[in-house]
1. I need the full set of residues from the stretch 34-58 which are in contact (Cβ under 8 Å) with a residue 24 or more places away in the chain and within 30 Å of Phe197 (Cβ to Cβ), in order please.
2. What number of residues in the stretch 1-24 are within 13 Å of Phe87 (Cα to Cα), surrounded by 13 or more Cβ atoms within 10 Å (Cβ to Cβ) and either hydroxyl-bearing (Ser, Thr, Tyr) or modelled with pLDDT of 90 or more (or both)?
3. Could you check, for the stretch 45-59, whether at least one of its residues is at pLDDT below 95, of a type in the set (Phe, Trp, Tyr) and part of a helix (DSSP H, G or I)?
4. Could you name every one of the helices (runs of 4 or more DSSP H) located completely within the stretch 69-175 that has at least 1 residues being in contact (Cβ under 8 Å) with a residue 40 or more places away in the chain and either under 20 Å from Ser44 (Cβ atoms) or of a type outside the set (Lys, Arg) (or both)?
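The values are calculated or read from the model by the stated rules, or taken from the named source; none is laboratory data. No experiment lies behind these values; they were computed from the predicted model shown. So basically every Cβ, Gly included, is an ideal-geometry build from the backbone, and we count neighbours across all protein chains shown.
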Amino acid sequence: MTKQGKTYLKLIAVLSLCLIFIAVVFTFIYGTEEEDFRVLIRESAKIAAILFAISFCISSVHYFVDSNCTKRIRSFRPHLGLSFMVFHTFHLCSLIYLQMHLHPVFDLAKGVSLFAGSVAYIFMYLMALTTFPSFKKKLSINTWKYLHLIGGYWIWFIFFNSYFKNVMNKERYYFLFGLFSFVLVIRVGKTLHMRIFA
């Protein structure tokens, strides 16, 4: 494995250990009541969403705002993507625990939602694997490009749809709904600008 690959593995390991520690401390302080546990689930999803949003739009932001700051953040895009994967995996594990011990969350969910969410996780793990040079070099440039394009927009839609429903029905998550709206605008804006002025 390359040095870069080892760095990514260390990042995943450190984040995973930190999340396990946080979960243990949280349950020790607040207990394992369903509503308290749901707080942990919601917060892990929020952090994962923000990490994904930054990773998904930073290249487009840098396209319009070419600065050292955006360039620096763009260089950490693989780390942001892997961090998103770790947090969202933690979110999934928390949901599984909820299903098994507290509330049949998966049993009550709609089949379409379960399918869409499952596909999003599959895309997430495939995209995470291609972050490692040893896996990336096995794919053609076009395969890698379309995997990240389709997978990225699929995951974006899952988040956007979730926060849109929350804004409309529960009047919350305005920031995250606004963030994911911005992600779409900036990415589409970049595509249109490149086609018009190329």
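1. First pass over the stretch 34-58, keeping only residues in contact (Cβ under 8 Å) with a residue 24 or more places away in the chain: 34, 37-38, 40-41, 44-57.
If the condition is that a residue be in contact (Cβ under 8 Å) with a residue 24 or more places away in the chain and within 30 Å of Phe197 (Cβ to Cβ), then Phe52, Ala53, Ile54, Ser55, Phe56, Cys57 are the ones that fit.
2. 5
3. No, the conditions are met nowhere in the stretch 45-59.
4. Details: elements: 77-97, 105-108, 111-129, 133-136, 141-170.
By residue number, 77-97, 111-129, 133-136, 141-170.
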